[in-house]
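I have placed the structure first, in the form of structure tokens, so that the comments after it can refer back to it.
The values are calculated or read from the model by the stated rules, or taken from the named source; none is laboratory data. Predicted, not measured: the structure shown is a model, and the values here were computed from it. Every residue, glycine as well, gets a Cβ built from its backbone with ideal geometry; the counts of neighbours run over all protein chains shown.
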Amino acid sequence: MTESTDRKTWLGLLARAPQGRIASLLSQVGPVPPATDLRRPEAGSVMVQGRAGGTGNAFNLGEMTVTRCSLQLPCGTVGHGYVQGRSKTDARAAAVVDALLQTDHADRVHATVTAPLAAEAAARQKSRAAKAAATRVEFFTLVRGED
């Protein structure tokens, strides 16, 4: 994976994390350097697009509330955080995690924050797939032999 793919992956994990989870995992990392806000956490809305059947033409599904934050660590590294909902604490925590993952602390932050988030996301996906599979109906046709 390239660095941009890694960053895309961890920003996606942070954006989809359940409310309060990023901040709780970040508290386990240990002391975090003080950061300067470049953009204080602020809530807004974004247009969400959908696709009919997952492959059709895109259409505007509706708006979703998102909170964003940008900050800079003392070393100059900039982090950005976008989360679903209105949690300013989570947006700031996501920005701190993003910034720390670009520094020498990346291994520790990955093991403490992003790896558990990835495992939890995989478990949620597996649970959803199992529930969907339980409702699956298979149709078949019996050949009558009168052709």
Notebook entry, point to check: Within segment 60-94, how many residues turn out to be of a type in the set (Gly, Ala, Ser) and under 14 Å from Ser24 (Cα atoms)?
Noted result: 4
Next item on the list: Report, ordered by the first and then the second residue, all pairs with beta carbons closer than 6 Å, sequence separation of six or more or different chains, a first member in segment 32-51 that is touching a residue at least 60 places away in the same chain (Cβ under 8 Å), and a second member that is assigned to a strand (DSSP E or B).
Entry: Ala35/Leu71
Item checked: Which listed residue is surrounded by 10 or more Cβ atoms within 10 Å (Cβ to Cβ), over 19 Å from Lys8 (Cα atoms) and in contact (Cβ under 8 Å) with a residue 24 or more places away in the chain, from Arg86, Arg68 -> Arg86
Notebook entry, point to check: Identify, please: which residue in segment 1-59 is more than 20 Å from the chain's Cα centre (by Cα) and at positive phi and is, among those, surrounded by the most Cβ atoms within 10 Å (Cβ to Cβ)?
Noted result: Gly30
Note to self: Scan segment 20-27 and tell me whether some residue there is in contact with a strand residue (DSSP E or B) (Cβ under 6 Å, 6 or more places away or on another chain) and either within 24 Å of Ala122 (Cβ to Cβ) or of a type in the set (S, T, N, Q) (or both).
What the structure shows: no
Next item on the list: Look at segment 28-55 and say how many of its residues are out of contact with any strand residue (DSSP E or B) (no Cβ under 9 Å at 6 or more places or on another chain) and either farther than 29 Å from His105 by Cα or of a type outside the set (Val, Ile, Thr) (or both).
Entry: 8
Notebook entry, point to check: With respect to Ser24, is the statement that it is part of a helix (DSSP H, G or I), more than 17 Å from Leu117 (Cα to Cα) and at pLDDT below 95 true?
Noted result: no
Notebook entry, point to check: Considering only strands (runs of 3 or more DSSP E) fully contained in segment 36-135, which possess at least 2 residues that are closer than 16 Å to Asp6 by Cβ and either in contact with a Pro (Cβ under 7 Å, 6 or more places away or on another chain) or modelled with pLDDT of 95 or more (or both)?
Noted result: 78-84
